[in-house]
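Only one structure is covered here, and it is reproduced in the block below.
Laboratory data are not the source of any read-out in this text; all were calculated from the coordinates shown. What you see is a predicted model, and the numbers here were worked out from it, not measured in a lab. Glycine also receives a Cβ, built like all others from the backbone with ideal geometry; neighbour counts cover every protein chain displayed.
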Amino acid sequence: MIELGSIYIPAIDVNAVMYEGIRMTTLDYGPGHWPGSAMPGQPGNVVVGGHRTSKHKVFRRVDELVPGDEIFFTMPDGVYKYVVNRIEIVEPTAVWIVDPTPTPQATLFACHPPGSTRQRIIVFSDLVSGP
């Protein structure tokens, strides 16, 4: 299991190690970075998934986030701050959420509603500062 850094979301009391990969076994340890997506601070889309009801439940309260809330990624090269701009509920087939973006953004995703795999909750955020 590769530890990449950490994710801190003060509004919902998340402070967790972030791992590479989105397999269920990886997400059982904590939030996982979608392989091939941008890394925090890079141009493009940083995609991170997490559980809401099993194991650590790191994204349990992700539905409480609102535009303006902050997401911090602490990486070996520094701390990157993103600010939430919108939240959407999508179908599990909405793979466009992992598409590269022209500007630096972070996309968090989890199953929705809690305890169901029927849909996904997606949190979109923009990079506002870095080291």
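With a Förster radius of 22 Å applied to the C-beta separation of Thr93 and Val17, the computed FRET efficiency comes to 0.15. Over all alpha-carbon pairs of the range 28-96, lay out the pair-distance distribution in 5 Å bins, whole %, shortest bin first. Percent of pairs per bin, in order: 3, 13, 19, 29, 24, 9, 2.
What value, in deg cm²/dmol to 500, does the helix sum -39500 (n - 2.57) over DSSP H runs of n ≥ 4 give at 222 nm once divided by the residues of the chain? Per the formula, -500 deg cm²/dmol. About its Cα centre, the range 1-106 has a charge dipole of approximately 200 debye under the convention of +1 per Lys or Arg Cβ and -1 per Asp or Glu Cβ, with nothing else charged.
What do you get when you divide the Cα radius of gyration of the range 10-131 by 2.2 N^0.38 Å, with N the number of residues?
Numbers: Rg = 13.1 Å, N = 122, 2.2 N^0.38 = 13.7 Å.
So the Cα radius of gyration is 0.96 times the expected 2.2 N^0.38 Å.
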